[in-house]
Amino acid sequence: MSVLIFTLIVLLGAFLAGFLGSLTGLGGGVIIIPLLTLGLGVDIHYAIGASIISVIATSTGSAAAYVKEGLTNMRIGMFLEIATTVGAILGAVIAVYLNAAYVAVIFGCILIFSSMMTLKKKVDHTTLDYTSKGAKFFKLNGSYPNQGVETPYAVKNVAGGFFMMLFAGTLSGLLGIGSGALKVIAMDNIMRLPFKVSTTTSNFMMGVTAAASAVVYLHRGQIDPGIAMPVCIGVLIGATVGAKVLVKAKTDKLKIVFAVVVTILAIQMIYKGLSGGF
Amino acid sequence: MMMEETKQITDKDIQSLVGNLLRAGVYISMGIVILGGIIYLFDHSSEKIDYAIFDMNKVSLKTVATIFEEVITFKGAAIVQFGLLMLIFTPIARVMMAVISFFIEKDYLYVVIGLIVLTIIMVSLSGGFAH
C-alpha cells in the first residue's frame, strides 16, 4: 500500500471513529486501534501511539468549551490528575514489557466493558451530605449550572475515587485510550458527582493524562508521524462533527447498534491476541 | 463556600482563560500537523508503507531536542512531529497556567497540587521512564 492510499484510508477511518466515538460517548481511541490493527495490519504499538495523540486532540478541544460553561470542577480535575498521570506513566512503562498479545486481550476486555457502560441506564448518585473530610480539605465540593440554576453538590469518598483514577490512568497509558468509562465510574458512583460535572471533568483530565503517557510513547518511537498525522486530524474532525450532530440526534438506537459492532471488534482483538496474531 | 469580593481573579476568570488556551493550543498544533502532513505527502506519497512490525529505531524524531533541531529542515515528518509535540504541550501548559492562577488566588494547596502534577510529567518528559 502506498503512503497516499494509506493516509487517505486512515483519515477516513479516523473520521468515522471520531464521529461515532463522540456520538456514543465511547471516544475515538477505542475504535481507531482495532481499525488500524485488525483492518490495516498496523502493529499495535504504532496504533496505541497514534491513538493517544488523538485522545489529547479531542479531549482538549471539547474541554475548552466545557470549562468556559463552568461545568468542569477544576479542583477535582487537578487533584485527581495526580493519580491519573502517575497511572498513565505506569501503564505506558508496563506496555514496554508486556507482550503485545496481552495488550490486545486487555484492550478487548476494556472495549466490551466500555460499550456495556454506554448502554447502562445512568443513576443519579448526587448528595448534599457534606461530611467527607477529604472533600472539605481539598475544597472539592462545588456547584454547577443545571438548567439555568446554580446547583450545589457534595463530594464523597475522595480516597476511593483517587485509587479508581490511578487504575483508570494505568489503563489509559497501557492501551492508549482515554478510559472515560472508568473515570466516570470513579466520579459518578464513588465520589457521587452529578453527570454533567463528572463527564466534563473526566474529559478535562484526559488531556493531561494522555500527555503524560504520550511522552513515554514518543521517547520509545511509538508515535510515527505517518500514522499519527491522519489519525489525529481525522478523529478531531469526526468528533467535532459528531458533537454538532449529537445535539439533534436521538442516539439510543445508535448506541445499541454500536455496542454490538464494538463487541465484535473486541472479540476479534481477544481472539487474535490469544491465537498469537500480535 | 463564600467568595471574598476583594479577590481580583475569580474561578470564572480562570475558567475563561483556560478555555481559550486549550482552544488556541489545539488550533495551532493541528494547523502545524496539517501543514507538515501536506509536505510529507508531497515528498512520500508513492512510497510503500511499512507498519506491520514495530521497530523502536524506525522513528528518529523521538525527543524534544531532536524534534526542535529537525523542524528547521522543513521536512514534512519533522513538522508533523513538531505539531504533535505542541499538542502534547497544550494540556501541560494548561496545568502551568492553573498553577499561576491559583497562586494569584492565594490557593496555595492547589499551587502545590498543580506542581506535583507538573513534576510527574516533567520527569516523564526527560525520558526517565522510556527505557
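Every read-out reported here was derived from the displayed coordinates using simple, explicitly stated rules and does not represent laboratory data. Only a predicted model underlies this, so the values are computations on that prediction, with no experimental measurement involved. Here the Cβ positions follow ideal geometry from the backbone for every residue, glycine too, while neighbour counts run over all protein chains shown.
Structure values in brief
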quantity	calculated
Per-residue Cβ neighbour rank within 10 angstrom, fewest leading, A:Lys244, A:Lys121	A:Lys121, A:Lys244
Computed magnitude of the charge dipole of chain A (debye, nearest 20; Cβ of K, R +1, Cβ of D, E -1)	600 debye
Mean Cβ count within 10 Å, highest first, over the residues of peptides A:59-71, A:3-15, A:245-257	A:59-71, A:3-15, A:245-257
Sparse-neighbourhood loop sites, GluC sites (Glu not before Pro) in region B:1-91 - DSSP loop, at most 14 other Cβ within 10 angstrom	B:Glu4, B:Glu5, B:Glu47
Listed peptides A:147-155, A:198-206, A:108-116 by packing density, highest first (mean Cβ within 10 Å)	A:198-206, A:108-116, A:147-155
Dimensionless Rg over Rh [region A:3-274; C-alpha; Kirkwood]	0.97
Cross-link reach list, lysines versus B:Lys12, counting only Cα pairs under 18 Å and skipping chain neighbours closer than eight places	A:Lys68, A:Lys139, A:Lys196, B:Lys106
Anchor A:Lys248: aspartates and glutamates whose Cα lies under 17 Å away (excluding residues fewer than 8 positions away in-chain)	none
Hits among lysines - C-alpha to C-alpha of B:Lys58 under 28 Å, sequence gap 8 or more where chains match	A:Lys272, B:Lys48, B:Lys75
Pairwise centroid distance, computed over Cα atoms, of region A:237-265 with region A:121-156, Å	29 Å
Sequence ranges B:28-36, A:98-106, A:77-85, A:22-30, ranked by mean other-Cβ count within 10 angstrom, highest first	A:77-85, A:22-30, B:28-36, A:98-106
Test item: A:52-60 mean partner chain Cβ contacts at 10 Å	4
Cβ-based net charge around B:Gly19, under 14 Å, with every Lys or Arg adding one and every Asp or Glu removing one	+1
Separation of the B:Ser16 and B:Tyr108 label points, Cα + 7 Å toward Cβ, nm	2.9 nm
Euclidean distance of C-alpha centroids, region B:80-131 and region A:1-29, integer Å	29 Å
